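Worksheet: one structure, shown below.
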Amino acid sequence: MSEDCIFCKIVNGELSCYKIWEDEDFLAFLDINPVSRGHVLVIPKRHYENISDCDDETLGKLNVVCKKIGLMLKDKLGATGVNIVNASGKDAQQSVFHLHYHVVARYPEDGMDLWFHGKEKFGNQLEEIAKKICGE
């Protein structure tokens, strides 16, 4: 646990939350600044800063929990889809440095646009980028 982490304080019961689901290793609760009706944060109870320092087994289980929460949002709130979003690192717009996923309930014509919009300037660099990533 990290003493100054808001999510660790929630896990420890020092701060309250609107708990949606919990087990021994994970906690799901409503985001206090929701972008939709049914915007849930899913966190491991153990403190990891982001996906880079989290073990693969925990990441795998975290995805299963996100699926479970998404199904709950569909069943209980009538959501017709979900976005599952993670930001890892300051430049990826991570604002709380405790690993977490946003499970965002989606509805027909909700007006939300969370999708990527490509940039043509990188399109002609795909071969070069692939070689760098693969170490060639």
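The values are calculated or read from the model by the stated rules, or taken from the named source; none is laboratory data. Since this is a predicted model, take the numbers as computed values, not measurements. Positions of Cβ are generated from backbone atoms using ideal geometry, with glycine treated the same way; all protein chains shown enter the neighbour counts.
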How many residues does the range 42-73 contain that are out of contact with any Asp or Glu (no Cβ under 8 Å at 6 or more places or on another chain), among the polar types (S, T, N, Q) and part of a helix (DSSP H, G or I)?
2
Could you go through the range 29-41 and let me know if any residue there is more than 24 Å from Phe116 (Cβ to Cβ), outside any loop (DSSP other than H, G, I, E, B), modelled with pLDDT of 95 or more and within 16 Å of the chain's Cα centre (by Cα).
yes
Return only the number of the condition from (1) assigned to a helix (DSSP H, G or I); (2) under 24 Å from Phe116 (Cα atoms); (3) touching a residue at least 12 places away in the same chain (Cβ under 8 Å) that Ser88 does not satisfy.
(1)
Inside the range 93-121, the number of residues satisfying the requirement of being surrounded by 10 or more Cβ atoms within 10 Å (Cβ to Cβ) and either β-branched (Val, Ile, Thr) or outside any loop (DSSP other than H, G, I, E, B) (or both) is 7
Scan Thr80, Thr58 and give me the residue that is farther than 17 Å from Leu99 by Cα, polar (S, T, N, Q) and either within 14 Å of the chain's Cα centre (by Cα) or at pLDDT 95 or above (or both).
Thr80
With respect to Ile129, is the statement that it is β-branched (Val, Ile, Thr), assigned to a helix (DSSP H, G or I), more than 14 Å from the chain's Cα centre (by Cα) and surrounded by fewer than 10 Cβ atoms within 10 Å (Cβ to Cβ) true?
no
Yes or no: Cys8 surrounded by 14 or more Cβ atoms within 10 Å (Cβ to Cβ) and either part of a loop (DSSP other than H, G, I, E, B) or modelled with pLDDT under 95 (or both)?
no
Can you name every residue in the range 12-26 that is touching a strand residue (DSSP E or B) at 6+ places or on another chain (Cβ under 6 Å) and under 18 Å from Ser95 (Cβ atoms)?
Cys17
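From the list Ile20, Ile51, which residue is over 13 Å from the mean Cα position of the chain (by Cα), modelled with pLDDT of 95 or more, surrounded by 12 or more Cβ atoms within 10 Å (Cβ to Cβ) and β-branched (Val, Ile, Thr)?
Ile20
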